[in-house]
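Trainee: I have a structure I would like to understand better, so I am pasting it below and will then ask my questions one at a time.
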Amino acid sequence: MQDTTQTAGVKEVRANLAAILRAANRDGTVTVVTKRGVPYAAVVPVSKAVPQGPKLGALRGSARGCFGDAAKFVDRLRGEW
């Protein structure tokens with residue numbers, strides 16, 4: 001995936017929106033939308049727009065000690081069933 005940036009006017013974006021979205025998804029292309037030559041908005045790949053949180057495996061053990069005696073309580077309930 002190559003990271004490129006291009007600029008397009010509002011009219012051009014309206015006419016070529018599908019291609020611009022494909023380029024963002026496939027190639028990682030960022031398109032800056034201009035209105036009368038002034039940057040107005042941007043079409044960016046989701047991977048750049050939404051920060052990726054930690055993977056589930058990285059969270060293992062992070063809540064250790066948060067539940068107090070809840071684990072013992074659940075264990076007793078399991079024994080009753």
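Trainee: For segment 40-53, how many residues meet the condition of being open to solvent by 70 Å² or more (accessible area, probe 1.4 Å) and in contact (Cβ under 8 Å) with a residue 24 or more places away in the chain?
Mentor: Total satisfying the criteria: 1.
So that you can scan it fast, the table gives a plain yes or no per residue for (1) in a loop (DSSP other than H, G, I, E, B); (2) among the charged types (D, E, K, R):
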residue: Arg14; (1), (2): no, yes
residue: Leu17; (1), (2): no, no
residue: Ile20; (1), (2): no, no
residue: Thr34; (1), (2): no, no
residue: Pro39; (1), (2): no, no
residue: Ala42; (1), (2): no, no
residue: Gln52; (1), (2): yes, no
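Trainee: Within segment 22-32, which residues are surrounded by 15 or more Cβ atoms within 10 Å (Cβ to Cβ) and part of a helix (DSSP H, G or I)?
Mentor: Answer for segment 22-32, where residues must be surrounded by 15 or more Cβ atoms within 10 Å (Cβ to Cβ) and part of a helix (DSSP H, G or I): Ala23, Ala24.
Trainee: Taking segment 6-21 on its own, how many of its residues are open to solvent by 80 Å² or more (accessible area, probe 1.4 Å), within 24 Å of the chain's Cα centre (by Cα) and not hydrophobic (A, V, I, L, M, F, W, C)?
Mentor: So the count comes out to 1.
The values are calculated or read from the model by the stated rules, or taken from the named source; none is laboratory data. Computed from a predicted model, the values in this text were never measured in an experiment. Note that each Cβ is placed from the backbone with ideal geometry, even for glycine, and that neighbours are counted across all protein chains shown. Ligands, DNA and RNA are stripped out before the accessible areas are found, and what is left, the full protein with its side chains, is counted by its heavy atoms. Shrake-Rupley method; radii C 1.70, N 1.55, O 1.52, S 1.80 Å.
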